[in-house]
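Reviewing the structure listed below.
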Amino acid sequence: MVAFYRLDFAAAAAQLKTDLKSGLASEEAGKRLLTYGQNRLTEKSRRSLLAIFFNQFTEFLIIILIAAAVISGFLGEWNDAIAIIAIVVINAVLGSSQEIRAEKAIAALKKLSVPQVTVIRDGAFRKISSTELVPGDLVLLETGAFVPADLRLAEAVNLKIDESALTGESQTVDKQSELLTEDNLPVADQNNMAFSGTVVTYGRGKGIVMATGMATELGKIAELIASEVETKTPLEKKFNDFGKWLGGIALLICAFIFLAGFILKEASVAEMFLTSVSLAVAAIPEGLPAVVTISLALGAYRLVRRQSIIRKLPAVETLGSVTVICSDKTGTLTENRMTVEEVEALGERKLLLLGAALCNDARLTLGDPTEIALIVAADKEGLKKEELEERYPRLLEIPFDSKTKRMTTLHKYAAEKGFIAFTKGALDVVLDRCVNLSSEQKRQILSQAEALAQQGRRILALACKRYELFPDKLVETDLQYLGFLSMVDPIRPEVKAAVDKCRQAGILPIMITGDHRLTALAVARELGITDRETEVIEGRDLQGKDLTRYRVFARVSPEHKLDIINAFKSKGEIVAMTGDGVNDAPALKVADIGVAMGITGTDVAKEASDMVLADDNFATIVGAIEEGRGIYDNILKFVRYILTTNSGEIFTMFFSILLRFPLPLLPIQILWINLVTDGLPGLALTMEPVEKDIMKRPPRKPDESITGHGLLWSMIGIGALMALITLSLFVFGRGESLAKARTLAFSALSFLQMAHVLNCKSLDKSLFKVGLFNNLYLIGAIFSTVILQIIVIQLPLLQNIFNTTYLSLNDWLLVGGLSLSPIVIVELRKLVFRPIKLS
């Protein structure tokens, strides 16, 4: 088979049966998708359900518990052995289901992060998922885009591609569309090809898809890059370390209980061993890191509903700590729905609009909103973009550059039997290059534009340069000024409220724009970001200034964003930064939260970001921060619940040994409590709705201690209270029988934990203010746990397994009434000591 680079483009199109003007028909593309498969590399296979299930049995304590069940069987305690194994299996099923949910959520997020590409199908420009590309598709390339498949280039206008991901060469490659005839050219020398996984750094191009998925050059070496290393988030690591520390203490207490029981002969060695192991399993929060992972993954998936696509899981936890949001103005604070309001032509109005339509990379319905607005303005005057391009074909161009703030295109100009170049850009930049204006005229034009800028208008100027002969090179000097167009970009209606919410939440909103300072100030005043001119600074004046004093940065290029981020980070701020262009990528990487635009953002910007806004909206960032705070808040609630209830179990056993009581709880009962109370109710806490005042609290400090908010005191106080009530009922029941005493203690400890889970719905607000029924998952979990506990006690078959006895209605009323004690105590504490400081 002839190498793709040795095929003439027309021959390549003929081989793939592609029409060079209209591209593939949708029906044909669908057939080819079935034939060639999706355009994606083969991923590392996901773990099977069985692998996830059996992985639940690899925890050290679970292995000990299984060993303990085996020992019980050898000792003839078959009820205990079977019950322990059953509980371990049920626990594994619950753990597996949560892991699967988390994996599915992460997989769904990956699908949402797939790049979009522009193709020509059915004779029209279309945006499709890169996974839907098939051989024969015509693909358009632009600056900042990832090359989605291996392409034979048909057009390459100043096209430069970074192929370092494929070849290892750091220098960008100049591309062209001419035929290459040499045999066996290495990939690095095939400069009429664009390869999957590489990045367009400059210019634009068009190519025909020759290979997709594993058939691409990248696919051929996919095995070398397919290994995926799973990394833990900082929060997972923090909870993992905390769990180990707490586990060590719990093991020491359990060892003490075992030795004390053995020495005091309160039970047999086998029974004390089994009790200690069961208590260790119940008390050690070995599941904390897993719950953090699940909470973050499911939280990230919920953020999709708020139009926020999380690309990196640690971003979910960082969101709650953000103190500064640096936001682009256009498209994020505004609607990015440009409309031309004034056309101020120096001479011929038609020539100005002709330049606006031709020096333009957009289409009427596809492209940058500013350029679309220019096309619409020209279209209203009868200047149709498609017709103009046929009549005045583009021959050369200097693409737009955020540093120079201008672009230039050269066209065949039939009207004068020569050529004409149009330059479009910022007014001051264009005026500096024009020679047909006096200094006074330039001053008047700038004054007129400033008056419009104070009304929030965006200004773009055009100039031209005529050539009799085709120029070897475009030079943007000695231009003839044509005029300017002013555009209005409405402020998003929801942004002002979002800015206000930021201020209440202790978050500083910063505006960054390439626009004129007066335009920026007008928008900032309307949004409530600032009304002081002293808090506005231009990019050229940043050097040597304390940038944290300013709230609006005008005439800024992407390179300045790094300076702004570093200035705020040096003061200890946690910075979220928005960006959409190739040059924004370094800033997005350096920011604590890099936020890329989903609609206008380049693939490079998205790849560098932590989060992508599906709607490019500032209010969405604020909503994501609110959700991020809620996710972290719920993780803390889960931790508080698990640790305080675990301490109740430990204190109950610990004090019973000191008081030389018989064991108030048997191993099987301890394991049951751990299964039903830690499982569904604990996880349901992570589904709590975001508290209404969460955006009226200051941001969370990243180094905040897990044991903050009085957690240790709560563990001691609530744990001791649970032990006191449990042992009091145990003593009360002993007057009748040991079985009755243990049944009362068993039920009390379960019900006490169900009462306390309601306390944990808020760390500082009354349960009755938060709302008892605002989390139906939790109500369902509590109801299920209570019903299961009653069945275990009252059903004769299960009484034999769990060593319980029948309880009367009065007994249940006594247990239920005393179990409400934690709610009463915590409600009084919240009333007296409210509010807890949450920062």
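Some observations on this one:
- Rounded to 10°, Cα long-axis angle of helix 369-380 versus longest principal axis of the chain: 40 degrees
- Förster radius 41 Å - calculated FRET efficiency between L20 and S402 (Cβ-Cβ, nearest 0.05): 0.80
- Average projection area in nm² (convex hull over Cα atoms of segment 550-699, one quarter of hull surface): 13.6 nm²
- Between 0 and 90°, nearest 10: helix 821-833 axis offset from the chain longest Cα axis: 50 degrees
- Test item: Cα-centred dipole of the chain, Lys/Arg +1 and Asp/Glu -1 on Cβ, debye: 1940 debye
- Radius of gyration (Cα atoms) of the chain, expressed as a multiple of 2.2 N^0.38 Å: 1.19.
- Segments 804-811, 610-617, 488-495 sorted - mean Cβ within 10 Å per residue, highest first: 610-617, 488-495, 804-811
- Per residue solvent-accessible surface (Å²) - the chain, probe of 1.4 Å: 44 Å²
- Inter-label distance for D428 and R466, nm, one decimal - labels placed 7 Å from Cα along Cα-to-Cβ: 3.2 nm
- Based on the Stokes-Einstein relation at 20 °C and a viscosity of 1.002 mPa s, and on the Kirkwood radius from alpha carbon pairs, segment 494-547 is assigned a translational diffusion coefficient of 177 µm²/s.
- Here segment 488-529 has 54 percent of its accessible surface on carbon and sulfur atoms, given a 1.4 Å probe and all protein chains in place.
- Pair D546, L252: separation of 7 Å Cα→Cβ label points (nm): 4.8 nm
- Alpha-carbon Debye profile of segment 525-628, log10 I(q)/I(0) at 0.21 Å⁻¹: -1.21
- Dipole of segment 504-658, positive direction: furthest Cα of A596, G630, Q543, with charges on the beta-carbon: Q543
- For the chain, the longest principal axis of the C-alpha atoms and the axis of helix 349-358 are separated by about 50°.
- Most to least packed among 713-721, 307-315 [average Cβ atoms within 10 Å]: 307-315, 713-721
- Positive-end extreme of charge dipole, the chain - chosen from L724, T477, W245 (charges on Cβ): L724
- Note on segment 358-394 and segment 518-563: Cα centroid distance 32 Å, given to the nearest whole angstrom.
The values are calculated or read from the model by the stated rules, or taken from the named source; none is laboratory data. A quick note: this is a predicted structure, and the numbers were derived from the prediction, not measured. With ideal geometry, Cβ positions are generated from the backbone for all residues, glycine too; neighbour counts draw on all protein chains shown. SASA here: full protein model, heavy atoms, side chains in, ligands and nucleic acids out. Shrake-Rupley method; radii C 1.70, N 1.55, O 1.52, S 1.80 Å.
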